[in-house]
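Read the structure below first, then the notes.
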Amino acid sequence: AEREAAARELVRMGSVEGVRRILPLVDRHEVKSNDLCAANAVPALLAILRDKKEDDETRASAARALGSEDTPVPNRVPVLIDALKDDSEEVQLAAVWALCRHLGTKDSALVPELIAIFKKSSSVVRHEMAEIFGWIGSGARDAVPLLLSEWRASLDRQGEDAGLNPDNFLLALRGIGA
């Protein structure tokens, strides 16, 4: 309890070390994410996400925290788009989760960049990224051929990609209106 209180105080002060210590507690739901909502914590979260020396789990936690509705992050979407390009699949997946909470029809201008990232991603990340196109809706029509192709390929890979549901691509296509 004392360590948690100390970490909270460090977060309020904007300390990278404090944020680093509290992230695992937030992920395990032992501490509420609103402890990271202070504007002072945002620069520390950004620093952790961008620091390749941090372990992937900590950087992914920072991406999820940046995606929290309660965290006041100016220009959140470009930061999370950059995280989609990260070398770590764990960080990429956390960025997808965060982006799904913030993208909508207003973000159709991002579709070309998202398509380019989609094409370079692993099958696991593509599976999760499909949801982003669904959230963008009809503005993501340029992604339809890619999503259809990926859906067909996922049907062929079903035994290999255990746990990846091909219906995820169909749901995205429905969200787009295809």
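The values are calculated or read from the model by the stated rules, or taken from the named source; none is laboratory data. All figures in this text were calculated on a predicted structure; none of them were measured in a lab. Note that each Cβ is placed from the backbone with ideal geometry, even for glycine, and that neighbours are counted across all protein chains shown. SASA here: full protein model, heavy atoms, side chains in, ligands and nucleic acids out. Shrake-Rupley method; radii C 1.70, N 1.55, O 1.52, S 1.80 Å.
Scanning region 74-96 for residues that are crowded, with 17+ Cβ neighbours inside 10 Å and farther than 19 Å from Lys52 by Cβ yields Arg76, Val96.
When Pro43 is tested against (1) within 27 Å of Ile136 (Cβ to Cβ); (2) part of a helix (DSSP H, G or I); (3) at pLDDT below 85; (4) open to solvent by 20 Å² or more (accessible area, probe 1.4 Å), exactly one condition is not met: (1). Say whether the condition of being open to solvent by less than 10 Å² (accessible area, probe 1.4 Å) and more than 15 Å from Leu23 (Cα to Cα) is met by at least one residue in region 64-73. Looking for residues that are open to solvent by less than 10 Å² (accessible area, probe 1.4 Å) and more than 15 Å from Leu23 (Cα to Cα), one finds none in region 64-73, hence no.
Condition check: surrounded by 15 or more Cβ atoms within 10 Å (Cβ to Cβ), out of contact with any Cys (no Cβ under 6 Å at 6 or more places or on another chain), outside any helix (DSSP H, G or I) and of a type in the set (A, V, I, L, M). Does Ala178 satisfy that? Spelling it out, Ala178 is indeed surrounded by 15 or more Cβ atoms within 10 Å (Cβ to Cβ), out of contact with any Cys (no Cβ under 6 Å at 6 or more places or on another chain), outside any helix (DSSP H, G or I) and of a type in the set (A, V, I, L, M). In the set Asp86, Asp82, only one residue is part of a loop (DSSP other than H, G, I, E, B), of a type in the set (D, E, K, R) and out of contact with any strand residue (DSSP E or B) (no Cβ under 7 Å at 6 or more places or on another chain); that residue is Asp86. Applying the selection to region 142-174, what residues are of a type in the set (Gly, Ala, Ser), under 16 Å from Ile115 (Cα atoms), modelled with pLDDT under 95 and open to solvent by less than 60 Å² (accessible area, probe 1.4 Å)? The one that is of a type in the set (Gly, Ala, Ser), under 16 Å from Ile115 (Cα atoms), modelled with pLDDT under 95 and open to solvent by less than 60 Å² (accessible area, probe 1.4 Å): Ala172.
Taking Val96, is it within 28 Å of Glu57 (Cβ to Cβ), part of a helix (DSSP H, G or I), β-branched (Val, Ile, Thr) and in contact with a Lys or Arg (Cβ under 6 Å, 6 or more places away or on another chain)? Judged against the criteria, Val96 is not a match. Residues in region 101-115 include at least one that is assigned to a helix (DSSP H, G or I), open to solvent by 40 Å² or more (accessible area, probe 1.4 Å) and small (Gly, Ala, Ser).
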